[in-house]
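Heads up, the thing below is written out as structure tokens.
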Amino acid sequence: MIPMVNLQAQYAEIQDEIVGGFTETLNNCAFILGPNVQAFEKEAAAYLGVKHAIGCASGTDALHLALLAEGIGAGDEVITSAFTFIATAEAIKYVGATPVFVDIDPGTFNITPENIEKAITAKTKAVMPVHLFGQPVDLPAVKAICDKHGLKLIEDCAQSFGATVYNKQTGSFGNAAGFSFFPSKNLGCFGDGGLVTTDSDETAAKIKQYRNHGSDVRYYHDVVGYNSRLDELQAVVLRAKLKRIDQYNAARRHAAHLYSELMADLPLTTPYEDGIGVHVYHQYTLLSDRRDEVMKALQDQQIGCAVYYPVPLHQQNVFKEECAGVSLPVTESVAARCFSLPICSNLSDDTVKQIVGVIRGVFQA
Ligand SMILES: Cc1ncc(COP(=O)(O)O)c(C=O)c1O
């Protein structure tokens, strides 16, 4: 059995450090916004090259709090991708705004500057690009459009921790950005967790309030806030993994490049890198007209594989009505043909070769 992500193997390498940190926390009982959360926020801000990094309860909350703090609300339109996890659009709906879905590039699977610009109306207040599968969006180009039209840029970095564009981290370009620490993410904890980044002191202050019941001083409340704090035990895990994130991402890139090299002669579309940044391969996602056959062959051999995402957001039941008439041909075509293979920081060359062997068998049959 080959899983999509081998979290056990990764844990085995850092078990002592994590158990040591847990024991310390259990002894000092500083469970809420304790020393590890504070230290992790400083370490993450330094790594990402931003002034502020604020922990919260999930990636979904990170995007929600970022939109709130940037003043996006009822009546506003936010331009985003339909080829993403539902949380991207949920966060936009939570603040009362409307997601406006635009089409993606067939190579990067990310929304394009041209499509963003075409969708701008008098109601547009923000653009929320998603660095899908760890592939960085062309942020300087998107930011130039946002600046030209007076729009906020809020990055969905749930899948892109450590990805860079022109040597600058994703999550450091926009007015604010949201990261997810869901266990399978490039930087993942042992439950739910998230992070908002920003260079704005004002936005950071608002997010700190919103995540903690609208309060800066205990039992004094300025706004209606939320209970959305990063857990102290999760911060222990994240500090141990943050130290190793470059190694983890390099291992993912190595496995991805090996897959692509070994499948170069097969009638499949392997992931594209546009050269403007570093793709961190949260997922290794291919396109094939014979997706079902390939996936069946993998499943028969107990090899993990999955479709991210089979139904684009404009075609989901929840958005069908408000998106009636929306047509996104590239998104729809990619969703019908994409599938992802196992990828993580502990995937050996032999395992990659074994997986490719099974796929090759489908095309040689
Ligand atoms: C693109 C994208 N945005 C947002 C999220 C939400 O993150 P979380 O699951 O931590 O709430 C996820 C992850 O699941 C995601 O993949």
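The values are calculated or read from the model by the stated rules, or taken from the named source; none is laboratory data. Computed from a predicted model, the values in this text were never measured in an experiment. Note that each Cβ is placed from the backbone with ideal geometry, even for glycine, and that neighbours are counted across all protein chains shown.
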Number of positions in the stretch 162-185 that are more than 18 Å from residue 71 (Cα to Cα), within 11 Å of the ligand (Cβ to nearest atom) and part of a strand (DSSP E or B): 2
Exactly one of (1) closer than 22 Å to residue 180 by Cβ; (2) surrounded by fewer than 20 Cβ atoms within 10 Å (Cβ to Cβ) is unmet by residue 237. Its number? (2)
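Okay, residues lined up against (1) within 12 Å of the ligand (Cβ to nearest atom); (2) under 19 Å from residue 330 (Cβ atoms); (3) at pLDDT 95 or above; (4) of a type outside the set (Lys, Arg):
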position: 61; (1), (2), (3), (4): yes, no, yes, yes
position: 74; (1), (2), (3), (4): no, no, yes, yes
position: 78; (1), (2), (3), (4): no, no, yes, yes
position: 89; (1), (2), (3), (4): yes, yes, yes, yes
position: 109; (1), (2), (3), (4): yes, yes, yes, yes
position: 142; (1), (2), (3), (4): no, yes, yes, yes
position: 154; (1), (2), (3), (4): yes, no, yes, yes
position: 160; (1), (2), (3), (4): yes, no, yes, yes
For the stretch 193-207, state whether one or more residues are over 17 Å from residue 62 (Cβ atoms), loosely packed, with under 14 Cβ neighbours inside 10 Å and touching a helix residue (DSSP H, G or I) at 6+ places or on another chain (Cβ under 7 Å). no
Note on residue 282: of the conditions (1) closer than 24 Å to residue 166 by Cβ; (2) over 18 Å from the mean Cα position of the chain (by Cα), unmet is (2)
Note: among 194, 188, just one is touching an Asp or Glu at 6+ places or on another chain (Cβ under 6 Å), within 16 Å of the ligand (Cβ to nearest atom) and closer than 27 Å to residue 36 by Cβ, namely 194
Aliphatic (A, V, I, L, M) and within 21 Å of residue 192 (Cβ to Cβ) - does that describe any residue in the stretch 283-290? no
Before we move on, is residue 294 touching a strand residue (DSSP E or B) at 6+ places or on another chain (Cβ under 9 Å) and surrounded by 17 or more Cβ atoms within 10 Å (Cβ to Cβ)? yes
Can you tell me which residues in the stretch 34-44 are surrounded by 21 or more Cβ atoms within 10 Å (Cβ to Cβ) and among the hydrophobic types (A, V, I, L, M, F, W, C)? 37, 40, 44
